[in-house]
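Contents: one structure, followed by commentary.
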Ligand code: NAD
Ligand code: TYD
């Protein structure tokens, strides 16, 4: 199979590329990525020389570029490329709507014109919004995204769904919970805990730290996508959860223990506006229809992740060197200003 992976220089996409090359010796992969701040060729170093993997730098919003890539005779697409960080979407949502909604529409159009036979859209559990205590979202739950990031992913998700309904274009949508593991850009919570703790820096815990996320090890998510790519039913949506619900402060404590670092690094800071309290999915459908279940326990996954970050200081330094530190400082300077403004305008402060 000739596969197009978009966003394959990012966290989940790169893990997927690696897994597909290992699992399917006959497959070749075109990897289209714009290399934004979160996409990095250091992340792909071990597969760049593999003749079955071709990296193409390009934007999914660039129709000509997308058409050019598809003219190589792509059979299936797994679409990861996105702006992916909620905090950034709160600061400025423009790139989120552009890449996540318009980029996806551009890709869908070009893929339909090129006769692509399978299109897997990697969506997210965040499209459902926040789950009440005890509640779990099914594939039929209503979409109620709360952050600009989640709203832009819901936009992509709905456009893709419409392409199946209207044109019978063979789309499959996946909605997965929070991923963790190697190669995750250190602005996301778990790698942020590790990288800051290793430098002895404080770790910002938003609000009361009791927000709950369901953590899935990235290779389990990739295995689900591989299964869905081959056996999923066209036009269907599959929730992908791991059943590992943790409060933020609890998972942070656990990681600090693994690193032998003190809990006193945890610093409670102002909450994220519109912060979803809990994400939780019912993922019986994929288990029942396709037999996929996540394999990595949270204990094993956290240990593997911590070991990987300890062994890959060089990767952290290289990706962080690309303006990350400056961004991070700016974000936090601006966070206070922005948050104060938002809260004030909402009458919450
Ligand atoms: P990431 O930010 O690590 O990677 C995104 C990649 O997309 C980067 O390599 C970036 O360069 C590329 N990209 C961004 N804009 C582009 C554009 N216009 N054209 C081409 N490439 C572009 O994100 P991730 O965590 O690996 O997430 C990948 C996908 O999985 C996203 O669609 C995200 O919404 C979804 N998802 C993520 C999680 C999670 O926990 N990280 C959970 C569920 C779903
Ligand atoms: P994040 O990794 O940004 O993923 P998402 O917002 O998509 O779930 O954040 C995970 C959780 O951790 C979320 O509840 C926000 C919280 N968080 C902090 O408490 N401090 C931080 O510095 C970050 C980045 C996130």
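Numerical summary
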{"read-out": "Degrees between helix 248-259 axis and first principal axis of the chain (Cα, 0 to 90, nearest 10)", "value": "90 degrees"}
{"read-out": "Full-stretch length increase - residue 49, residue 199 - with 0.36 nm per residue and alpha-carbon distance subtracted", "value": "50.7 nm"}
{"read-out": "Distance in nm between pseudo-label sites at residue 303 and residue 165 (7 Å out along the Cβ direction from Cα)", "value": "4.7 nm"}
{"read-out": "Cβ-based exposure ranking for 1, 305, in which fewest neighbours within 10 Å come first", "value": "1, 305"}
{"read-out": "Value at 222 nm in deg cm²/dmol, rounded to 500, when DSSP H runs of n ≥ 4 in the chain each add -39,500 (n - 2.57)", "value": "-13000 deg cm²/dmol"}
{"read-out": "R0 of 35 Å, Cβ-Cβ distance residue 144-residue 112: FRET efficiency to nearest 0.05", "value": "0.75"}
{"read-out": "Rounded, prolate or oblate (a/c below 1.5 giving rounded, otherwise prolate when a/b exceeds b/c) for the stretch 63-163 by Cα gyration tensor", "value": "oblate"}
{"read-out": "Sorted by Cβ density within 10 Å, fewest first, the residues 122, 249", "value": "249, 122"}
{"read-out": "Potential extension, residue 68-residue 257 segment - 0.36 nm per residue separation minus Cα distance", "value": "63.1 nm"}
{"read-out": "Antiparallel %, DSSP beta bridges [both residues in the chain], to 5", "value": "10 percent"}
{"read-out": "Label-point separation in nm, residue 289 to residue 267, each point 7 Å along Cα→Cβ", "value": "4.7 nm"}
{"read-out": "Tilt relative to the chain, helix 189-198 - C-alpha long axis, 0 to 90 degrees, to 10", "value": "50 degrees"}
{"read-out": "Degrees between helix 218-231 axis and first principal axis of the chain (Cα, 0 to 90, nearest 10)", "value": "20 degrees"}
{"read-out": "Calculated FRET efficiency for the pair residue 208/residue 234, C-beta based, R₀ 25 Å, to 0.05", "value": "0.05"}
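Every number here is computed from the coordinates shown, using simple stated rules; none is lab data. Model, not experiment: these values are computed from the prediction. With ideal geometry, Cβ positions are generated from the backbone for all residues, glycine too; neighbour counts draw on all protein chains shown.
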